[in-house]
Amino acid sequence: MPNIFDEYHPLTGKIFRILDENGVLHEEHAPKFSLEELRGFYRWIIFSRVADQKALNLQRQGRMGTYAPVLGQEGIQIGAASAMQPQDWLFPSYRELAASMIRGLPLANIYLYWMGNEEGSRIPEGVNIFPISVPVGTHPLHAVGAAWASKLRREKIVVVCFFGDGATSEGDFHEALNFAGVFKTPNVFICQNNQYAISVPFSRQSSSPTIAQKAIAYGFDGIRVDGNDIFASYVASKAAIDKARSGGGPTFIEAVTFRLGAHTTADDPRRYRTDAEVEEWRKREPLVRFEKYLREKRIIDDGFAAQVKSEAERAVEETVTQVEAVPSHTPNDVFAYMFSEMPQNLKEQLALLNESLSVKREILFGDTMRHGVPE
Ligand SMILES: Cc1ncc(C[n+]2csc(CCOP(=O)(O)OP(=O)(O)O)c2C)c(N)n1
């Protein structure tokens, strides 16, 4: 089999694609998935969409804080996460709902996180995923550190790190890639180039024609992949992960995609991009082409699609009931989760906070509030 990293070297300007936007599969490099695996990918994309839309609704109803939707970016997330082994680690940023759930993170954790409850970041034992990282571009350094540790311990664990195009303008990103190249760490860097960093378009982010070509400067493979194609995303990620596991060092994947929704619920994308641009990308989004392919090959039909949707809706509703029953967070949480034993200076600050809250409580509510939360 030809090496895709040579064939699609970033300086060829080629983009690695297997399933095109019309749902036509190009056989070269096409992976051999079973029918059950293909239906499984379909289940994930629908589950992700239902969970994503529910989060937006909850935010609008005041039942969730700010939320960063994943709509449109499921192709690379499902492809890459499915190519990982259970022992591998995922370092997400904040938009990786689909990838995180595939790696075993319960939706409840993701919802709790966006509801401002620190319990969301308590990752279940055995789920190899780091908590959400909101600081842009800082966690590639952590991912490289984890991968280096894995290499020193000869563990054969691969560390996959997701971030956006905006992250590539941060100094930390370049330090991480440089270190990974020098120490040949078992990392796969996945940059979801969704064309915008909030309102900043890619043309203002970098003057490189591609992001993938930055890998050349750090001495390792880079590849540009159609991030809306689950198949190409899977094949490229699997090749990169296998290479990392067998000692071949890091790979950089630029997944070309588009954020169909807002940056977060605090953003209005109509202020910086046109409807025409969004409509153009909507034709290339991951579900439309995948569903076309599955229906044409009679792998799914209306009955299956309806069943998957209603199962997803039921599971998401159950998760909402579950997370809304979790005791609300308090201002004390800001202090409680940082150290296993709280240092003296934080204890003093916490005491000060509670003192000031109790004064405010008395002024505002008499004694009907506890920890700043109505009883
Ligand atoms: C270090 C840092 N600087 C600025 C911000 C504010 N901020 C939050 S998201 C964002 C844009 C990031 O864009 P990108 O990396 O392309 O990822 P995307 O949101 O498109 O997935 C910015 C500037 C931040 N969170 N962290």
Apply the Kirkwood formula to the chain: the hydrodynamic radius equals the inverse of the mean of 1/r over all pairs of different alpha-carbon atoms; give it in Å with one decimal. 22.0
Taking every DSSP beta bridge with both residues inside the chain, roughly what % is antiparallel (nearest 5)? 20
Size of the dipole of the chain about the Cα centre, Lys and Arg at +1 and Asp and Glu at -1 on the beta carbon, nothing else charged, in debye to 20? 520
Can you give me the % of accessible surface on the chain that is carbon or sulfur? Probe 1.4 Å, all protein chains present, nothing else counted. 53
Determine the order of ARG314, ARG282 by accessible area, beginning with the largest, at a probe radius of 1.4 Å. ARG314, ARG282
19 Å Cα-Cα reach of LYS32 towards lysines, excluding residues that sit fewer than 8 places from it in its own chain: LYS238, LYS292, LYS297
If you take the charge dipole of the chain about its Cα centre, with +1 on Lys and Arg Cβ and -1 on Asp and Glu Cβ, which of VAL320, SER237, GLN205 is farthest toward its positive end? SER237
Just the number please: accessible area per residue for the chain, 1.4 Å probe, all protein chains included, in Å². 48
Surrounding charge for TYR337, neighbours by C-beta under 11 angstrom, Lys/Arg +1, Asp/Glu -1, total -2
Using Cα-Cα distances under 8 Å and only pairs 6 or more residues apart, what relative contact order does the range 4-324 have, in percent? 26
Trypsin sites (Lys or Arg not before Pro) within the range 68-151: DSSP coil, no more than 13 neighbouring Cβ in 10 Å: ARG122
With the radius of gyration and the Kirkwood radius both derived from the Cα set of the range 271-318, what is their ratio Rg to Rh? 1.15
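The values are calculated or read from the model by the stated rules, or taken from the named source; none is laboratory data. Note that the coordinates shown come from a computational prediction; the quantities given were computed from them, not determined experimentally. Every residue, glycine as well, gets a Cβ built from its backbone with ideal geometry; the counts of neighbours run over all protein chains shown. Just the protein is used for accessible areas: all its heavy atoms, side chains included, with ligands, DNA and RNA removed. Shrake-Rupley method; radii C 1.70, N 1.55, O 1.52, S 1.80 Å.
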